[in-house]
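Undergrad: Would you mind keeping the following structure in view while I ask a few things?
The values are calculated or read from the model by the stated rules, or taken from the named source; none is laboratory data. Predicted model only: the values in this text are computed from it and were never measured. Here the Cβ is made from the backbone with ideal geometry for all residues, glycine too, and neighbour counts use every protein chain on show. Surface areas here come from the heavy atoms of the whole protein model, side chains and all, with no ligands, DNA or RNA. Shrake-Rupley method; radii C 1.70, N 1.55, O 1.52, S 1.80 Å.
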Amino acid sequence: MKKFLYKKKFLFLFELANNHNGSKKNAFKLIDDAKSIAKFSNIEFGFKLQFRDLKTFLHKDGKKTKNKHVKRFLDTKLKKKDYIDICKYIKKKNFKLIITPFDESSVDLAKKCKVDIIKIASCSNNDWPLIEKIATQKKPVIASTGGIDFDEIDNL
């Protein structure tokens with residue numbers, strides 16, 4: 001396969017949100033497959049994970065709902081140790097580790113995993129306790145604006 005060369009530096013993200021299907025083994029396979037693609041380019045690649053502490057992220061009554069998002073979160077839930085193992089594997093394969101934390105305790109887990117970049121989800125760009133916690137990490141941040149207006153972007 002031909003190796004492509006680029007003059008500008010890019011960061012290409014592979015998303016590993018719920019597509020691991022709640023399986024650490026499946027996550028490792030996705031990472032290995034991505035590595036086989038990435039080795040043919042000088043573009044920098046990263047893997048982005050989403051962290052949620054479901055005990056506090058989901059309302060107790062929400063766990064009984066038929067909401068497709070809640071069901072997906074619950075069906076693909078991994079143990080903290082599994083997330084730590086996946087993060088180590090991402091780093092071992094020389095990918096940047098990008099994490100979107102949806103709550104403050106997930107920021108702590110991201111720190112434990114030695115995150116390279118933290119992403120603020122568009123739905124969290126007014127969650128000031130979360131944003132302030134992220135700011136204490138002194139890591140590069142990607143903020144998804146998700147259609148907010150210019151004043152809100154300035155605030156963020």
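Undergrad: Extension gain Leu156-Asp127, at 0.36 nm per residue separation less the Cα-Cα distance, in nm?
TA: Here the answer is 9.5 nm.
Undergrad: Just need the relative contact order of the range 105-156 here, percent rounded to a whole number, with Cα pairs under 8 Å and 6+ apart.
TA: Averaging sequence separation for qualifying contacts and normalising by length gives 41 percent for the range 105-156.
Undergrad: Then there is this: Let me know the shape class of the range 83-156, please: from the alpha-carbon gyration tensor, a ≥ b ≥ c as square roots of the eigenvalues, rounded when a/c is under 1.5, otherwise prolate if a/b is greater than b/c, or oblate.
TA: prolate
Undergrad: Which aspartates and glutamates have a Cα less than 18 Å from the Cα of Lys29, not counting those fewer than 8 places away in the same chain?
TA: Glu15, Asp82, Asp85
Undergrad: Let me ask something else about it. Please give the solvent-accessible surface of Ile142 in Å², to the nearest 10, using a probe radius of 1.4 Å with every protein chain present.
TA: Rounded to the nearest 10, the figure is 60 Å².
Undergrad: Further question: Using the charge dipole of the range 85-149 (Lys, Arg: +1 at Cβ; Asp, Glu: -1 at Cβ; taken about the Cα centre), state which of Pro140, Ile90, Asn125 has its Cα farthest towards the positive end.
TA: The residue sitting farthest along the positive end of the dipole is Ile90.
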